[in-house]
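First up is the structure itself, then whatever we jot down about it.
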Amino acid sequence: MATIDASFTPARLARRIDWLGRAATFCYLSVAAGQLLFTAFILLFYYPSSLSGHFERWNSKPLITGFVAGDTVGNLFFAAHVLMAAVISFGGLVQLVPAIRGRWPAVHRWNGRLYLVCALALSLDGLWLVWGRGSWMNLTGAFGISLDALLILAFAALAWRSARARRFAEHRRWAIRLFAVASAVWFMRVGYMAWGIATGGAGIGDAMDGPFDLFLAFANSLLPLGVAELYLRAGARGTPTAKKGVAALLAVGGIIILTGSAGAWMMMWSPYL
């Protein structure tokens, strides 16, 4: 009778490399680096001018509608928008760190509540700025921003509901989707810069009405949301090939994000360099 000599079998099977997990970590760190730079810019540029009441300084940066003399309500809404943008940028990054969620659950819960409140306020504020104040250059861009605001409202509600029901795996999925769409304005900045570096600005119109502008008006939220969805599905029940494909996509995305973030940072501070 044939037997198997166990002495020739390895004592421990070689551990498979988790390429999906590594790529997701790299992509997260790329996003974190870019959003921390963005947060620092908001804190250093918009906070001093907004809190001191010197709203006219906003207009030293390219804005669709920044400070408008006599428009007190509109100026205050814009100030609230940029001030909360720093909170949501930093707070979202904190929410996605597993170590904080595991070691300091109270921090995760309260930061999550603050994040949800700011996400809801930002989306409603953004809708008013677009349709109440008229802060848009073309209807496609206005509809793109409005779609993003509606997605934020929906995903925030679903993330809150699943957390209240203690369905934490489901809550994590909705929270990741929420983070993807809540970062849409930042993704737009990074997308513009990365595309400009790669193509010299091909397809970008003077009134943000070029082919790339119209694409990015919706892709700034739907593209990261789609990538997040692929990651969630590959991690849950994807084949090894699918996981490697999504890992490659995340790695490329991380490189693009780093490139666009560095370019955007240099552009934001170029007048002072």
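The values are calculated or read from the model by the stated rules, or taken from the named source; none is laboratory data. It should be emphasised that the depicted structure is a prediction, and the values quoted were computed from it without experimental measurement. Positions of Cβ are backbone-derived with ideal geometry, glycine not excepted, and every protein chain shown enters the neighbour counts. Side chains are part of the model used for accessible areas, which takes the heavy atoms of the whole protein and leaves out ligands, DNA and RNA. Shrake-Rupley method; radii C 1.70, N 1.55, O 1.52, S 1.80 Å.
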| Charge tally in the Cβ shell below 14 Å around Gly92, where Lys, Arg are +1 and Asp, Glu are -1, Gly92 excluded | +4
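Residue separation times 0.36 nm, minus the C-alpha to C-alpha distance between Leu51 and Arg161: what's the value? Don't skip to the end; give the middle numbers.
On the way: separation 110, 0.36 × 110 = 39.60 nm, distance 3.47 nm.
Value of the extension gain: 36.1 nm.
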| note | Taking Cα pairs closer than 8 Å and at least 6 residues apart, the relative contact order of the chain in percent is 25
| message | Can you pull out the trypsin sites (Lys or Arg not before Pro) in segment 91-168 whose DSSP state is coil and whose Cβ has at most 13 other Cβ atoms within 10 Å? | response | Arg166, Arg167
| note | With every protein chain in place, the accessible area of Leu44 for a 1.4 Å probe, in Å² rounded to the nearest 10, comes to 110
| Out of [x] 39, 22, 18; [y] 33, 21, 16; [z] 29, 21, 16, which label holds the value of semi-axes √(5λ) of the Cα gyration tensor in Å that was computed here? | [x]
| With each run of n ≥ 4 DSSP H residues scored as -39500 (n - 2.57), what mean residue ellipticity at 222 nm is computed for the chain after dividing by its residue count and rounding to the nearest 500 deg cm²/dmol? | -25000 deg cm²/dmol
| Linear extension gain, Asn59 paired with Val107, 0.36 nm per residue minus alpha-carbon span | 13.6 nm
| How much of the accessible area of segment 81-152, probe 1.4 Å, is carbon plus sulfur, in whole percent? | 76
| query | Roughly what would the spin-label model give for Val227 and Leu43, points 7 Å off Cα along C-beta, in nm? | reply | 2.5
| So how far, in whole Å, is the C-alpha centre of segment 98-124 from the one of segment 217-273? | 22
